[in-house]
Amino acid sequence: MSATAIAAATTDFSDINRSKADFSAIYVQPDPRAYFRTLGALGYVIPHLARPVFDQLIEARQRAKGGPITVLDLGCSYGVNAALMKYAIDYDHLTERYDILTYQQLGSDEILALDRHYFASWPRKRDIRVIGLDISPQAVAYGLHCGILDHGIVADLESGEIPPDAAKLLSEVDLIVSTGCVGYVTNKTFDKLAVCTANGEAPWVASFVLRMFDYGDIAKTLARQGLVTQKFEGATFVQRRFHDEEEMRGTLDALAKRGLSAAGKEADGLFHAELFFSRPKEESLARPINQLVSVASGANRNYGRRPRVAQRQTKAARPARAG
């Protein structure tokens, strides 16, 4: 398919994103205190729910390859997924740590020094190499300086190209993961990441995608790279609580346009994501994603008070019951 045809098929998520809260400021800080403080106040939980899924996929990929693997975290921010994949720590533990550090009168250099020693004190739970790719130079620099990321790439693949010095590094990737960047990135980014197949073997791709975003064009792009995409059936995954009524309304409108019911999910005041997993056809047929991993949805956690609009629209969103 020509570059023109690919561009024509690209889904434009800009209208959906207009209603989403703008958290761009928390990703350009020299340390992650603002990230954990802001998202923690909204019950942000998707890295916690993704961790056991990524653990199982890493183990399966290592068995298939017969040795250590390289993981690309797409939209890595401060390297949180990398930390959870490498070390025997969990997301709640990190949230509590930065909640405490937020109230200490410490500069970013001091936080960085503390974090470097903190992560170095944890034994690695597996032999993997993690590459982080993000548009934020500050976040990537933090992940590298702390030793969470083994390599970092700063690039916007929606509007730019892969840096020349990163192409060989990406050709060694065995698994691509993401927990929130789809919707900000489209199939343009995944088309450029075809460089990851340069070693002759396409990497597996695991994406947690908010339900209002259509993954179809990305799945088609991955199909051109020889990958079959499966959606995990029977469960969705909570990302966080809505920031305000505008974000809630925009999400419900986007879901309605896709013909999706928000009842019991977004209508209760929480973003929900789906898991999409792409592999070569023979591997997908041999063991579908629902057989490969077990999951936790996060639905039973306490996320605090939801926006008032959720309370007003929940009744309308739920089908009437007889009796």
Counting only protein heavy atoms and leaving out ligands, DNA and RNA, the solvent-accessible surface of ASP109 at a 1.4 Å probe, in Å² to the nearest 10, equals 130
Filtered pair list for the chain (Lys only, Cα < 20 Å, 8 or more apart or interchain) has a length of 18
Note on the chain: helices (DSSP H) long enough, at least 15 Å by alpha carbon along their axis, and hydrophobic enough, mean Kyte-Doolittle at least -1.0, are 46-65, 91-102, 108-120, 245-257
Here the chain gives, from Cα atoms, an Rg and Dmax in Å of 19.5, 66
Note to self: with every protein chain in place and a 1.4 Å probe, the chain gives an accessible area per residue in Å² of 45
Ranking ARG279, ARG51, ARG258 from most to least accessible area with a 1.4 Å probe gives ARG258, ARG51, ARG279
Using alpha-carbon coordinates alone, the radius of gyration and Dmax of the range 77-130 in Å work out to 11.8, 36
Over all pairs of different Cα atoms in the range 125-221, the reciprocal of the mean inverse distance gives a Kirkwood radius in Å of 14.2
Sorting GLU283, GLU59, GLU247 on solvent-accessible surface, 1.4 Å probe, most exposed first, gives GLU59, GLU283, GLU247
Using a 1.4 Å probe on heavy atoms of the protein chains only, the accessible area for PHE13 in Å², nearest 10, reads 10
Computed about the Cα centre, the charge dipole of the range 92-159 from +1 Lys/Arg and -1 Asp/Glu charges at the Cβ has a magnitude in debye, to the nearest 20, of 380
Shape call for the range 22-89, from the Cα gyration tensor axes a ≥ b ≥ c (a/c under 1.5 means rounded, otherwise prolate when a/b beats b/c, else oblate), comes out prolate
Largest fluctuation, PHE237, PHE23, PHE36 only, Gaussian network model of the chain with Cα springs under 10 angstrom, belongs to PHE23
In terms of the alpha carbon gyration tensor, root eigenvalues a ≥ b ≥ c, rounded if a/c is under 1.5 and otherwise prolate when a/b exceeds b/c or oblate, the range 33-132 is prolate
For HIS93 and SER14, extending 7 Å from Cα along the Cα-Cβ vector and measuring point to point gives, in nm, a value of 4.3
Ranked by GNM mean-square fluctuation in the chain (Cα springs under 10 Å), the top entry among GLY40, GLY250, GLY66 is GLY66
With +1 at each Lys and Arg Cβ and -1 at each Asp and Glu Cβ, the charge dipole magnitude of the chain around its Cα centre, to the nearest 20 debye, comes out at 1160
Here the net charge surrounding LEU210, from other residues whose Cβ is less than 13 Å away from its Cβ (Lys, Arg +1; Asp, Glu -1), is +1
SASA check, ARG33, accessible area w/ 1.4 Å probe, all protein chains in place, rounded to nearest 10 Å², comes out at 30
Given unit charges at Cβ for Lys, Arg (+) and Asp, Glu (-), the dipole magnitude of the range 248-297 about its Cα centre in debye, nearest 20, is 120
Taking the dipole of the chain about the Cα centre (Lys, Arg +1; Asp, Glu -1; charges at Cβ), the one of HIS243, ILE148, LEU114 that reaches farthest to the positive side is HIS243
Taking only protein heavy atoms and a 1.4 Å probe, the highest-to-lowest accessible-area order of SER294, SER284 is SER294, SER284
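The values are calculated or read from the model by the stated rules, or taken from the named source; none is laboratory data. Please read all numbers here as calculations on a predicted model, not as lab measurements. Positions of Cβ are generated from backbone atoms using ideal geometry, with glycine treated the same way; all protein chains shown enter the neighbour counts. Just the protein is used for accessible areas: all its heavy atoms, side chains included, with ligands, DNA and RNA removed. Shrake-Rupley method; radii C 1.70, N 1.55, O 1.52, S 1.80 Å.
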